[in-house]
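Engineer: So that we are looking at the same thing, I have put the structure below in structure tokens.
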Amino acid sequence: MTSIAATIANEINVRDNQVEQALKLLAEGNTVPFIARYRKEATGGLDDAQLRHIEERNTYLLELAERKQAVLESIEEQGKLTDELKQAILNADTKARVEDLYLPYKKRRKTKADTAREAGLEALEQQLIDDPSADPETLAEAYLSEGFPDAKAALEGARAILVDRFATDADLVGEVRDRVYAQGTMRSAVVEGKETEGAKFADYFEFSEPFAKLPSHRILALLRGEAEGVLTLDMDPGEEAVYEGMIAERFDLPVKDSEWLAKAVRWGWRTKLQVSANLDTRMRLKEKAEEGALQVFKTNLRDVLLAAPAGQRATLALDPGYRNGVKCAVVDETGKVLATTIVYPHQPQNRWDASRAELASLAAQHGVELIAVGNGTASRESEKLAGEVADLIAQAGGKRPTPVVVSESGASVYSASQIAAEEFPDMDVSLRSAVSIARRLQDPLAELVKVDPKSIGVGQYQHDVNQTALAQTLDAVVEDAVNSVGVDVNTASAPLLERVAGLSGTVAKNIVAYRDENGRFTTRKELGKVPRLGPKAFEQAAGFLRIRGGANPLDGSAVHPEAYPVVERVAQATGLSTEQLIGNTAVLTKLAPADFADEQFGVPTVTDILAELDKPGRDPRPEFKTAEFKEGVNEVKDLKPGMILEGTVTNVAAFGAFVDVGVHQDGLVHVSAMSHKFVSDPHEVVRSGEVVKVKVMDVDVARNRIGLSLRLDDEPGQPAQKKQRKQQGKTSGKGRKRGRPEGRREASGSMADALKRAGFGK
């Protein structure tokens, strides 16, 4: 039997010992970020994605091994375990295969087949096979008994035995299941009378697509349509004769010579094998859909978390609204709240001039460099207000602040959370969201860790996937993102510190409490004084915690304290101090990592150390950039086909990307309009938060729908484009609508919001 390590190694195309070492390190309580960064020698440089795959697959394979053992013991207790069966179970590579093999031996309620066997009807079944030309009723007369008083009943009993054999044959069940999935087709139709109520599922009122080709988002849309009582789903396995032939061949049944056998095979297919295969196909489709949805969520979340920070600059934030006003907050360069207010520039109050004057005064008073405008209701009008505020300051001789539109997804969730209540116990809930918007512009990662990842707005059908798997996936993304950037231990909040490798929520709060009581940390060693931050937690976390301007300059870098002796050797060899080494590219690039490697720290680690010395504490996130919205384009009606605009990608789904071009409604770039080459995954082309140039292809003012293209040489209405879309994306019009079932029940700030802003949720 192949070991778990070997199995996983084969899956991800690495050496067995790499996986063995990774599993050993994980078993010792080491975290994925720590192993990926600081144990490269042990694992051969496995990255965080590979390590998480190893972790997940190990759990599955251990459960599989446990189930194999339980099944073997159960069959052995029955005295039916053969060497051949034992080997087949041990060689099974999925839980489904194990259960197939266990089927004939599984404890179950007494069936009609069992009763028929007790009545001796197995002999009749065999005779019917051996003598296909004989009259079945005549043969059956010899097997009448209590419970089977006539030939019809006896033949039904024989059929039950035969069908039971079909349904419990592991190889046949597995082959049928795989063929149905590979060859079958999903068909859907609208439930009569639900046409209007279920209009958002209109693309599926008359729909068919092979199981194997169904993408994640369409599977979830179909399942949701069924759950809401709008659609009926038909699992079409394909040509029945093929499956009946598979059954007959497997059991060597002379169906051409026996009408009774032919009917028994057909009965077995329709009542047993087709039913179980369809159930399995449905389960496989759901798993495929969940995996796809989780992948979309994971990728988008990482992009949003690692979006470019505007940096430590005083910021005025506007959380737009009409009737309830625009909630405003000013925070300093560290995120500390300096002032809050509510202004009413829009209808019905229309206090534009007074609002502008008040905000300009606040901005000037606190030296505001950035104005963050939430992208919700009244966003574009508020952006105009922000522009006029900035102009007022410039006219008065001050430096003009830069207005920036910021996603406010999750801000309202944060404002009503326990974390927000602890941060701002005396602040009105509505004003807390403005603070969150300001801080997420300064440092998206530091602020977004306070929000449940499901509320950040980058998911696809998040309510329709396994919630445990979703939570685990998103937590892993957040952990990897936080540790890839690193955390300033003297400014970080408890929610941010909690995401550092090795730190629990309790320890994170203890760090903040220690800092509040004793002032700034000056060395990493001082972390050892924090209650409950023991040696193991320190080992895991230290490399990701930064101390800027501390006693040891290495404490502000990603060099782990355990590797400081390596830096000392480098300093000694070059005749320079650590301070002189840091940032000294001319010297560092000439050094050979192998010259400083030893048994503990190999070439990979030394290479990382030298790179870190060159740019200590380097932020891996991109440089901050904002989209410049076109002047005079404020509403959908202002858009004209052929316009080339700049916008920000707000969300990426399997069928395309949503782009904010500054008109309240996000436009949709369908996957077929992303490149001149075939695009299987939109993430290959764009990422959430990215600034892109797009061409307006079509505008539906009545329904607030905007079609965009990343191919700036496309011409609106061009026939060639339509043809290409059909080839590439299977009816692009349908592709857009397919997003519409996206989430009636979604939380604010979800993919559903993106669909609504793009006009597809109505």
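Engineer: Which of the residues that make up segment 328-351 are outside any loop (DSSP other than H, G, I, E, B), touching a residue at least 60 places away in the same chain (Cβ under 8 Å) and more than 13 Å from residue 385 (Cβ to Cβ)?
Structural biologist: Our first condition is that a residue be outside any loop (DSSP other than H, G, I, E, B); within segment 328-351, this holds for 328-331, 337-343.
Next, from what is left, pick out any that are touching a residue at least 60 places away in the same chain (Cβ under 8 Å): 328-331, 337, 340, 342.
Scanning segment 328-351 gives 329, 330, 331, 337, 340, 342.
Engineer: Could you please find all residues in segment 54-69 being of a type outside the set (S, T, N, Q) and touching a residue at least 40 places away in the same chain (Cβ under 8 Å)?
Structural biologist: Within segment 54-69, the first condition is being of a type outside the set (S, T, N, Q), and the residues that meet it are 54-57, 60-68.
Scanning segment 54-69 gives 54, 57, 61, 62, 65.
Engineer: Find all pairs meeting these conditions: Cβ atoms under 7 angstrom apart; at least six residues apart or on different chains; first residue within segment 299-322 and outside the structural domain of residue 435 (by TED's automatic domain parsing); second residue in a strand (DSSP E or B) and of a type in the set (S, T, N, Q).
Structural biologist: So the pair list comes out as 300/651.
Engineer: In the list 201, 166, which residue meets the criterion of being of a type outside the set (Asp, Glu) and farther than 30 Å from residue 230 by Cβ? First the steps, then the outcome.
Structural biologist: Values: 201 fails: farther than 30 Å from residue 230 by Cβ.
Going through 201, 166 in turn, just one is of a type outside the set (Asp, Glu) and farther than 30 Å from residue 230 by Cβ: 166.
Engineer: Where residues in segment 397-413 are modelled with pLDDT of 90 or more and assigned to a loop (DSSP other than H, G, I, E, B), which of them is nearest to the chain's Cα centre (by Cα)?
Structural biologist: Checking each candidate, the answer is 401.
Engineer: Would you mind finding the one in 625, 637 that is under 22 Å from residue 703 (Cα atoms), charged (D, E, K, R) and touching a strand residue (DSSP E or B) at 6+ places or on another chain (Cβ under 9 Å)? Give the steps one after another, and end with the answer.
Structural biologist: On the way: 625 fails: under 22 Å from residue 703 (Cα atoms).
Criteria check complete, one pass: 637.
Engineer: With surrounded by fewer than 24 Cβ atoms within 10 Å (Cβ to Cβ), assigned to a loop (DSSP other than H, G, I, E, B) and in contact with a helix residue (DSSP H, G or I) (Cβ under 8 Å, 6 or more places away or on another chain) as the only criterion, which of 302, 313, 323, 284 stands out?
Structural biologist: On the way: 302 fails: assigned to a loop (DSSP other than H, G, I, E, B); 323 fails: in contact with a helix residue (DSSP H, G or I) (Cβ under 8 Å, 6 or more places away or on another chain); 284 fails: assigned to a loop (DSSP other than H, G, I, E, B).
Every option except 313 fails the conditions.
Engineer: Within segment 577-615, count every residue that is closer than 22 Å to residue 523 by Cα and in a loop (DSSP other than H, G, I, E, B).
Structural biologist: 4
Engineer: For segment 88-160, which fully contained helices (runs of 4 or more DSSP H) count at least 1 residues that are among the β-branched types (Val, Ile, Thr), more than 18 Å from residue 78 (Cβ to Cβ) and over 54 Å from the mean Cα position of the chain (by Cα)?
Structural biologist: Values: elements: 95-102, 112-118, 122-130, 136-140.
By residue number, 136-140.
Engineer: Also, I was wondering about something else. Contact list please: Cβ distance under 7 Å, first residue in segment 37-53 and without any contact (Cβ under 8 Å) to a residue 24 or more places away in the chain, second residue of a type outside the set (Gly, Ala, Ser) and not in a loop (DSSP other than H, G, I, E, B), pairs at least six apart or on different chains.
Structural biologist: 39/25; 42/21; 42/25
Engineer: Let me ask something else about it. Among all residue pairs at least 6 apart or on different chains, which show Cβ distances below 7 Å where the first residue, located in segment 158-184, is under 23 Å from residue 261 (Cβ atoms) and the second is buried (at least 19 other Cβ atoms within 10 Å of the Cβ) and of a type in the set (Phe, Trp, Tyr)?
Structural biologist: Once the first residue is under 23 Å from residue 261 (Cβ atoms) and sits in segment 158-184, its partners that are buried (at least 19 other Cβ atoms within 10 Å of the Cβ) and of a type in the set (Phe, Trp, Tyr) give 172/166; 176/243.
Engineer: Something else about it: From 657, 627, grab the single residue that is part of a strand (DSSP E or B), within 24 Å of residue 299 (Cβ to Cβ) and not assigned by TED's automatic domain parsing to the domain that holds residue 40. Before the answer, list the steps.
Structural biologist: Working: 627 fails: part of a strand (DSSP E or B).
Result of the check over 657, 627: 657.
Engineer: If you don't mind, there's one more thing I want to ask. Looking at (1) modelled with pLDDT under 95; (2) surrounded by 16 or more Cβ atoms within 10 Å (Cβ to Cβ); (3) among the acidic types (Asp, Glu), which one does residue 125 not meet, given that it meets all the others?
Structural biologist: (1)
Engineer: A follow-up question, please. Hey, among 82, 31, which residue is loosely packed, with under 13 Cβ neighbours inside 10 Å and at pLDDT 95 or above?
Structural biologist: On the way: 31 fails: loosely packed, with under 13 Cβ neighbours inside 10 Å.
Exactly one of 82, 31 is loosely packed, with under 13 Cβ neighbours inside 10 Å and at pLDDT 95 or above, namely 82.
Engineer: Which one is nearest to residue 504 (Cα to Cα) among residues in segment 519-539 that are part of a loop (DSSP other than H, G, I, E, B) and basic (Lys, Arg)?
Structural biologist: Within segment 519-539, the first condition is being part of a loop (DSSP other than H, G, I, E, B), and the residues that meet it are 519-524, 530-534.
Remaining after also requiring basic (Lys, Arg): 520, 524, 532.
On the way: 520: 21, 524: 18, 532: 10 Å.
That would be 532.
Engineer: I'm trying to understand the selection: among the residues of segment 40-59, which are outside any helix (DSSP H, G or I), surrounded by fewer than 19 Cβ atoms within 10 Å (Cβ to Cβ) and not small (Gly, Ala, Ser)? Can you show your working first?
Structural biologist: As a first pass, look at segment 40-59 and keep what is outside any helix (DSSP H, G or I): 44-47.
Then drop every residue that is not surrounded by fewer than 19 Cβ atoms within 10 Å (Cβ to Cβ), which leaves 44-45, 47.
Across segment 40-59, the qualifying residue is only 47.
Engineer: Would you list the helices (runs of 4 or more DSSP H) that sit entirely within segment 418-470 and hold 1 or more residues that are over 14 Å from residue 496 (Cβ atoms)?
Structural biologist: On the way: elements: 418-423, 429-442, 444-448.
Helices (runs of 4 or more DSSP H) meeting the threshold: 418-423, 429-442.
Engineer: Given the conditions (1) in contact (Cβ under 8 Å) with a residue 12 or more places away in the chain; (2) assigned to a helix (DSSP H, G or I); (3) under 29 Å from the mean Cα position of the chain (by Cα), and given that residue 392 satisfies all but one, which numbered condition is not satisfied?
Structural biologist: Here residue 392 meets the rest and fails (3).
The values are calculated or read from the model by the stated rules, or taken from the named source; none is laboratory data. All values derive from a computational prediction rather than experimental measurement. In this analysis, Cβ positions are derived from the backbone assuming ideal geometry, glycine residues included, and neighbour counts consider all displayed protein chains.
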